[in-house]
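What follows is a single structure, written as structure tokens, with notes after it.
Coordinate-derived values only; no laboratory data. Computed from a prediction, not measured in an experiment: that's the story for all the values here. No Cβ is skipped: glycine too gets one built from the backbone with ideal geometry, and neighbour counts run over all protein chains shown.
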Amino acid sequence: MANTTLTASIIAKAAVMQLDNELVMAKKVFRGYEEEFSKNINGYEVGSSISVKRPMDFTVRTGAVMNVQDTTEGKFTLDVDQRKGIDFEFTSQELTLSIKELNERVIKPAMIQLANDIDSSLMAEYKNVPSWVGTPGQTINSNQDFAKGPERMDEYANPQDSRCSVLSPADHWGLVGAQTALLNDRLVGSAYRKGSLGEIGGVDTYMSQNVPTHTVGAHAGTPLTNGAAQETTYAASKDTDTQTLITDGWSSGATTLNAGDVFTIADVYAVNPVTKATLPFLKQFRVVTTISDTTGDITLTMSPAAILTGAHQNISATIGDGKAITVVGTASTGYRQNMVFCPKAFALVSVPLVAPPGAVDVSRQSYKGTHVRVIPVYDGTNDISKWRLDVLYGVKTIDSRLAHRISGTA
């Protein structure tokens, strides 16, 4: 059968299906907000956004007397601000290839690169996750190591269904080695022959080379809180889930805290978000924006906001004056950021780009919520067709309580 000249529509359909096939983390996060964007049939440009409400917490009443709770909801903005693309160039002769041949030669390699970029955008959201279990720098190489992740999810009353993890190659293969020591022939065979872990302890487990590395800030000194009762209220922090923390004791002029650094405050323990019972580990907070000191005193922005009372309580005790601050990990050292999470920890929104006025033969194709736009540009002098493929998307951490960084144990 004679080959058909490939069109923008044919190439876009092949590309969007291949792109969806190559995504890893993007398939495991919440995609429901795309319905909010689907109302614009003409497409979107960079900067389009929607307002999203934060999850609510409640307390249980005891007795017959009504106790109406405040249902004021926090909100945040989800922007579609990630514009990525890959461009091709074909001669007229190449455009008479079969789509199968073009897919293998050009489209598949290109979509692997683009999928990795989208997954990397999602994995970079680790900076918004304050919970970090295990010992930074230790490889996950036993079931006991990996179990620290789902254990922390249970302590924080995370949903049991649809739990996922994404591990770096070193941690993935370390855990594969641990599985081969088990007596379950089906699981061992899969782990040994295919390097596949599947579901472990109710957590669907994946490997990705895109797991990022976080470098802890170059901090030094003996940092302490500087001021009593530094917690805040839900009303004051409901939209941002952040607050400032006044500290001192850092080495003057020799301290930088990086966005995504995790720290604890002495005597301030985490609480179960449902029962409010004190948990057996200190509450962890993250540094929101990179900051350096000049005098040894730092007023940093941290998240989550520390709330001592009410339905949104998340700490066991007041933040007292002179309490020791401990940063997780060694200063100026990089650590891979494996994660375990529930889908609603993060959101991905993929939207169709606008069809530019004046562009000819524009094709916008969608597949399982993923959208691509393909536009050909013909160079008549050299009989060459240049093709641009674009995607527009946004990522957002929507509930950081549902995600946890995980390292091995010493």
| Check: segment 217-332 dipole with +1 on Lys, Arg Cβ and -1 on Asp, Glu Cβ, in debye | 320 debye
| Most mobile of 209, 144, 93 per a Gaussian network model of the chain (Cα springs, under 10 Å)? | 93
| field | Residues whose placed amide H lies under 5 Å from that of residue 299, excluding near-sequence neighbours | value | 247
| Centre separation in Å (Cα based) which lies between segment 202-216 and segment 243-281 | 24 Å
| request: Report the far tail of the P(r) of segment 217-332, meaning the percent of Cα-Cα pairs longer than 26 Å. | output: 15 percent
| What does the charge add up to near residue 364, with Lys and Arg as +1, Asp and Glu as -1, over the other residues with Cβ less than 11 Å from its Cβ? | +1
| Value in Å of the Kirkwood radius, where segment 1-151 supplies the Cα pairs that are averaged | 20.6 Å
| For residue 230, residues with placed amide H under 5 Å, excluding near neighbours | 319
| query | If you add up the charges near residue 408, with Lys and Arg at +1 and Asp and Glu at -1, over every other residue whose beta carbon is less than 13 angstrom from its beta carbon, what do you get? | reply | +1
| Got a sec to turn the phi values of segment 223-235 into Karplus ³J(HN,Hα) couplings, 6.51 cos²θ - 1.76 cosθ + 1.60 with θ = phi - 60°, whole Hz, x for Gly and Pro? | x, 9, 5, 10, x, 8, 6, 8, 5, 10, 10, 5, 4
| query | Taking N as the number of residues in the chain, what value does Rg over Cα atoms divided by 2.2 N^0.38 Å take? | reply | 1.13
| Inter-part distance where segment 9-59 and segment 282-340 are each reduced to a Cα centre, Å | 32 Å
| Hey, what do the phi angles of segment 350-356 turn into as Karplus ³J(HN,Hα) couplings, whole Hz, using 6.51/-1.76/1.60 and θ = phi - 60°, x for Gly and Pro? | 10, 10, x, 6, 5, 8, x
| note | Taking alpha-carbon centroids only, segment 107-135 lies from segment 384-410 a number of Å equal to 4 Å
| said: Between residue 62 and residue 120, what is the label-point separation in nm under the 7 Å Cα-to-beta-carbon projection? | reply: 5.4 nm
| query | Which ³J(HN,Hα) values, rounded to whole Hz and listed in residue order, are derived for segment 245-255 from phi using the Karplus coefficients 6.51, -1.76 and 1.60 in 6.51 cos²θ - 1.76 cosθ + 1.60 with θ = phi - 60°, glycine and proline given as x? | reply | 10, 8, 9, 8, x, 6, 5, 4, x, 10, 10
| said: Given contacts defined as C-alpha pairs under 8 Å and at least six residues apart, what's the relative contact order of the chain, whole-number percent? | reply: 27 percent
| So what's the net charge close to residue 319: Lys and Arg +1, Asp and Glu -1, counting the other residues with Cβ under 11 Å from its Cβ? | -1
| request: Rank 326, 72, 289 by mean-square fluctuation in a GNM of the chain with C-alpha springs under 10 angstrom and give only the top-ranked residue. | output: 72
| Between 348, 122, 23, which gets the highest mean-square fluctuation from a Gaussian network model of the chain, Cα cutoff 10 Å? | 23
| query | Which aspartates and glutamates have a Cα less than 18 Å from the Cα of residue 28, not counting those fewer than 8 places away in the same chain? | reply | 20, 117, 119, 125, 161, 199, 204, 399
| request: Would you mind calculating the relative contact order of segment 217-332 from Cα pairs under 8 angstrom and at least 6 residues apart, reporting the percent as a whole number? | output: 39 percent
| message | Given Cβ point charges of +1 (Lys, Arg) and -1 (Asp, Glu) and nothing else, what value in debye, to the nearest 20, does the dipole of the chain about its Cα centre take? | response | 660 debye
